[in-house]
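Working notes, beginning with the structure itself.
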Amino acid sequence: MSEQPPTPAPKPVDAPEPEPIRFFGTSWFNRDNGYWLRRVAVSVGSLAATAAAVLVLRFGVEGVALSSSGGFLNGLLTAAIAVCSLLAVRRTWKVLTEGKDQLTGWMTEDKSLGAVWLIGGAGSLAAYFARSLVEAPGEGVKRAAHQRAVEQYEKRRTGRSGRPGGKRKR
């Protein structure tokens, strides 16, 4: 007689489910179904994308340098790229660690600062790479949101009396 693994208890229909994360689906929740392989692939991919973005920026800076426009303009362009990259790193790191709903002030601007986020794309990719070394990017935010949803579900399920399924005494 072969032993079969125990079947998990069926979940209630209205129980909260973990939200999927890009490239990971819901495998981040139990860290199964190729989670670690995906983590490595995301890290390598984001590092390669960062290198490609830096290369594109370098070509742009070299193009301006070849135009013989002067050292001041070259320095200004380099400073602009550095500032945009730092802003993008800060915003991306905050989104991945605290969630997009926690953004305030200038970080919430998507359309008006689109050029800043585009120029700082290499910094944003670098932040994504660094975060992928720790966890699936955004995993901590999704895990905290799921935990809150489970706690709220348990509160609703148990009711005010503290007795699951029981009625309150008067």
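The values are calculated or read from the model by the stated rules, or taken from the named source; none is laboratory data. As the structure is a computational prediction, the values presented were derived from the model and not from experiment. Backbone-built Cβ (ideal geometry, glycine too); neighbour counts: all protein chains shown. To get the accessible areas, we keep the full protein, side chains included, count just its heavy atoms, and leave off ligands, DNA and RNA. Shrake-Rupley method; radii C 1.70, N 1.55, O 1.52, S 1.80 Å.
Applying the criterion of being among the basic types (Lys, Arg), open to solvent by 70 Å² or more (accessible area, probe 1.4 Å) and more than 16 Å from Gly123 (Cβ to Cβ) to the residues of region 22-62, the residue that is farthest from the chain's Cα centre (by Cα) is Arg31.
Restricting to region 149-170, and then to whatever is of a type outside the set (Gly, Ala, Ser) and open to solvent by less than 50 Å² (accessible area, probe 1.4 Å), can you tell me which residue is modelled with the lowest pLDDT? Taking the candidates together, the pick is Thr158.
Selection of first residues in region 90-118 that are within 18 Å of Leu133 (Cα to Cα) and touching a residue at least 40 places away in the same chain (Cβ under 8 Å) and of second residues that are part of a helix (DSSP H, G or I) and charged (D, E, K, R), restricted to Cβ pairs under 7 Å at least 6 apart or on distinct chains, gives the following pairs, ordered by first then second residue: Leu96/Arg131. Looking only at residues in region 139-148 that are of a type outside the set (A, V, I, L, M) and surrounded by fewer than 18 Cβ atoms within 10 Å (Cβ to Cβ), the one that is farthest from Pro16 (Cα to Cα) is Gly140. For region 129-138, the criterion of being closer than 27 Å to Val44 by Cβ, at pLDDT 95 or above, surrounded by 19 or more Cβ atoms within 10 Å (Cβ to Cβ) and hydrophobic (A, V, I, L, M, F, W, C) is met by at least one residue. Taking the criterion of being closer than 19 Å to Ala144 by Cα and small (Gly, Ala, Ser), the residues of region 20-44 that qualify are Gly25, Ser27. Does Thr97 count as polar (S, T, N, Q), under 21 Å from Ile21 (Cβ atoms) and part of a helix (DSSP H, G or I)? Judged against the criteria, Thr97 is a match. Within region 86-112, being buried (at least 18 other Cβ atoms within 10 Å of the Cβ) and either aliphatic (A, V, I, L, M) or farther than 25 Å from Val40 by Cβ (or both) holds for Leu87, Ala88, Val89, Arg91, Val95, Leu96. Hey, does region 77-89 have a residue that's within 30 Å of Glu17 (Cβ to Cβ), in a helix (DSSP H, G or I) and in contact (Cβ under 8 Å) with a residue 24 or more places away in the chain? No, region 77-89 contains no residue that is within 30 Å of Glu17 (Cβ to Cβ), in a helix (DSSP H, G or I) and in contact (Cβ under 8 Å) with a residue 24 or more places away in the chain. Within region 100-120, being part of a helix (DSSP H, G or I) and under 29 Å from Pro18 (Cβ atoms) holds for Lys100, Asp101, Gln102, Met107, Thr108, Trp117.
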